[in-house]
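Have a look at the structure below, then the notes.
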């Protein structure tokens, strides 16, 4: 039997693309290549496709329930956990997440005007500089923007979500001090990043409270990566006055250090205590399992979506910066120092 009318599925099959792509072309989305756009439009014209009122309304409604999300260029377990929270909360509210351009050097290459025209209800950026002009332009003109773990917030009008990084730095260092360690190194994150600054400030505060001198040679700054952890380990573990404990600014750095300790036959925790920050899913799977400061990463993602939808609805947001509590998770990578 011959069909009475052409469907989106028919056009998609002819064009060799998905139905979603055909829908994007119909709604003038910008994330379809120009050759594909031309091909799909030509097939729509040739087939005489006419959307029904119901399907047109459904397609329009779909474009009004999309949230732009942008992540950094690096990929790690931290990013996975935040994305898990974002996607779960968006799905629960009937919204979809669209992954936008990747951030580079804490900045994301977006066109504010184009993003406004795209039909997105708002945007969530993860670990970027909220003062970067495109993001600031979006938030300052009233477009709903939420930043998770911002590098900097400044005077922008966006909502930012983080964790109690200073308190986490204090907690990690106090745990090592309570075990009897007195020579504690801190491989920190990038020095310009606010969460890195807060964690190292907590580390210094705990040392001062214990009456210990500040040894800046034990503090380094690098990217939040496994590779950086391995590089830093060479600087710390090959010293004649090697620290007895290390508080790393994230789990990825800690795991890089753990691998380099293994290569040097330095046993964790017998010869070296090691603590991370994040409590990503990798922390409990390392050998030995990693003691770490847990950030509620999934909940941070969920809260980002809920806060964004408050902005979309025009509701008053109680505070522009929200901090969720961190807590210590003790596993097998920390112990008292050898006598």
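When region 33-69 is filtered for residues that are modelled with pLDDT of 65 or more, surrounded by 16 or more Cβ atoms within 10 Å (Cβ to Cβ) and within 27 Å of residue 86 (Cβ to Cβ), the ones remaining, listed by number, are 66, 67, 68, 69. For region 73-107, filtered to residues that are in contact with a helix residue (DSSP H, G or I) (Cβ under 7 Å, 6 or more places away or on another chain) and part of a strand (DSSP E or B), the residue that is nearest to residue 284 (Cα to Cα) is 97.
Taken over region 99-130, the criterion of being farther than 15 Å from residue 145 by Cβ and modelled with pLDDT of 80 or more is satisfied by 99 alone. Restricting attention to region 192-220, the residues that are in contact (Cβ under 8 Å) with a residue 12 or more places away in the chain and touching a helix residue (DSSP H, G or I) at 6+ places or on another chain (Cβ under 7 Å) total 13. You will find that of 92, 163, 123, 103, the residue that is closer than 19 Å to residue 81 by Cα and without any contact (Cβ under 8 Å) to a residue 12 or more places away in the chain is 92 and no other.
Residues of region 214-265 being part of a loop (DSSP other than H, G, I, E, B) and under 20 Å from residue 167 (Cα atoms), which ones? Lay out the reasoning, then the answer.
Applying the first criterion (part of a loop (DSSP other than H, G, I, E, B)) to region 214-265 yields 214-215, 222-225, 238-244, 248-250, 264-265.
Result: 214, 224, 248, 249, 250.
Among the residues of region 108-146 satisfying the criterion of being in contact with a strand residue (DSSP E or B) (Cβ under 8 Å, 6 or more places away or on another chain) and assigned to a helix (DSSP H, G or I), which is surrounded by the fewest Cβ atoms within 10 Å (Cβ to Cβ)? Quick ask: steps written out before the conclusion?
Filtering region 108-146 for residues in contact with a strand residue (DSSP E or B) (Cβ under 8 Å, 6 or more places away or on another chain) gives 108, 110, 115, 118-132, 134-135, 138-139, 143-146.
With the extra rule that they be assigned to a helix (DSSP H, G or I), the set shrinks to 115, 134-135, 138-139.
On the way: 115: 20, 134: 15, 135: 26, 138: 25, 139: 23.
Across region 108-146, the extreme among qualifying residues is 134.
Among the residues making up region 287-304, those that are in a loop (DSSP other than H, G, I, E, B) and within 21 Å of the chain's Cα centre (by Cα) are 290, 295, 296.
When you scan region 329-338, do you find a residue that is modelled with pLDDT under 95, in contact with a helix residue (DSSP H, G or I) (Cβ under 8 Å, 6 or more places away or on another chain) and farther than 23 Å from residue 198 by Cα, even just one? Within region 329-338, none of the residues are modelled with pLDDT under 95, in contact with a helix residue (DSSP H, G or I) (Cβ under 8 Å, 6 or more places away or on another chain) and farther than 23 Å from residue 198 by Cα. If we keep just the residues of region 166-195 that are surrounded by 15 or more Cβ atoms within 10 Å (Cβ to Cβ) and modelled with pLDDT under 95, which is farthest from residue 325 (Cα to Cα)? My answer is 190.
Among the candidates 316, 293, 305, single out the residue that is over 22 Å from residue 198 (Cβ atoms), touching a helix residue (DSSP H, G or I) at 6+ places or on another chain (Cβ under 7 Å) and either surrounded by 13 or more Cβ atoms within 10 Å (Cβ to Cβ) or not assigned by TED's automatic domain parsing to the domain that holds residue 259 (or both). First the steps, then the outcome.
Working: 316 fails: touching a helix residue (DSSP H, G or I) at 6+ places or on another chain (Cβ under 7 Å); 293 fails: over 22 Å from residue 198 (Cβ atoms).
Answer to the check: 305.
For region 249-282, filtering for residues that are under 17 Å from residue 326 (Cα atoms), under 18 Å from the mean Cα position of the chain (by Cα) and touching a residue at least 60 places away in the same chain (Cβ under 8 Å) leaves 7.
Out of all the residues in region 133-140, is one or more more than 14 Å from the chain's Cα centre (by Cα), without any contact (Cβ under 8 Å) to a residue 12 or more places away in the chain and more than 16 Å from residue 79 (Cα to Cα)? Lay out the reasoning, then the answer.
If we filter region 133-140 for residues that are more than 14 Å from the chain's Cα centre (by Cα), which is where we start, we get 133-140.
Narrowing the set further to residues that are without any contact (Cβ under 8 Å) to a residue 12 or more places away in the chain leaves 133.
Now restrict to residues that are more than 16 Å from residue 79 (Cα to Cα): 133.
Looking through region 133-140, at least one residue is more than 14 Å from the chain's Cα centre (by Cα), without any contact (Cβ under 8 Å) to a residue 12 or more places away in the chain and more than 16 Å from residue 79 (Cα to Cα).
The values are calculated or read from the model by the stated rules, or taken from the named source; none is laboratory data. Remember, it's a predicted structure, so these values are computed and weren't measured experimentally. Glycine gets a Cβ as well: all are built from the backbone with ideal geometry, and neighbour counts include every protein chain shown.
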